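Engineer: The following block contains the structure, expressed as structure tokens.
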Amino acid sequence: MPKKVKQGTVVSDKMDKTVVVQVAEHKAHKKYKKAMIFTKNYKVHDENNTSKVGDVVSIVESRPISSSVRFTLDKVIEEAK
């Protein structure tokens, strides 16, 4: 089964080797079919502490690293201004 790849924005880098990435998905509302934006936060393992708040990053599904960390940082797509 292929690993999930998502793209999002770093919203917190306070933890050591872990960042919080907010991923936005455009989906239709189940009942009203209106296009809506649903956001979800993922805790992501960042081995070298390379990403900062505001960076656009790509994350990849991985084995469980801790109780809440299930993704690893793939690459930084765009750095914060």
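Engineer: Please calculate how many Å² of accessible area the chain carries per residue, with a 1.4 Å probe and no DNA, RNA or ligand atoms counted. Numbers along the way, then the final one.
Structural biologist: On the way: 6040 Å² over 81 residues.
On a per-residue basis, the chain sits at 75 Å².
Engineer: For Rg and Dmax of the Cα atoms in Å, one of (i) 11.3, 36; (ii) 13.7, 44; (iii) 12.9, 41 was computed from the structure I shared and the rest are decoys. Which label?
Structural biologist: So the calculated entry is the one marked (ii).
Engineer: Let me ask something else about it. Which residue, chosen from Met36, Val76, Gly8, occupies the Cα position most advanced towards the positive end of the dipole of the chain, where the dipole is computed from +1 (Lys, Arg) and -1 (Asp, Glu) charges on Cβ about the Cα centre?
Structural biologist: Result: Met36, furthest along the dipole toward the positive end.
Engineer: Got a number for carbon plus sulfur as a percent of the chain's accessible area, 1.4 Å probe?
Structural biologist: Details: 3090 of 6040 Å².
The nonpolar share, carbon plus sulfur, comes to 51 percent.
The values are calculated or read from the model by the stated rules, or taken from the named source; none is laboratory data. Predicted model, so just to flag it, every value in this text is computed and none were measured. Note: ideal-geometry Cβ built from the backbone for every residue, glycine included; neighbour counts use all protein chains shown. The protein model used for the area step is the full one, side chains on, heavy atoms only, and it has no ligands, DNA or RNA in it. Shrake-Rupley method; radii C 1.70, N 1.55, O 1.52, S 1.80 Å.
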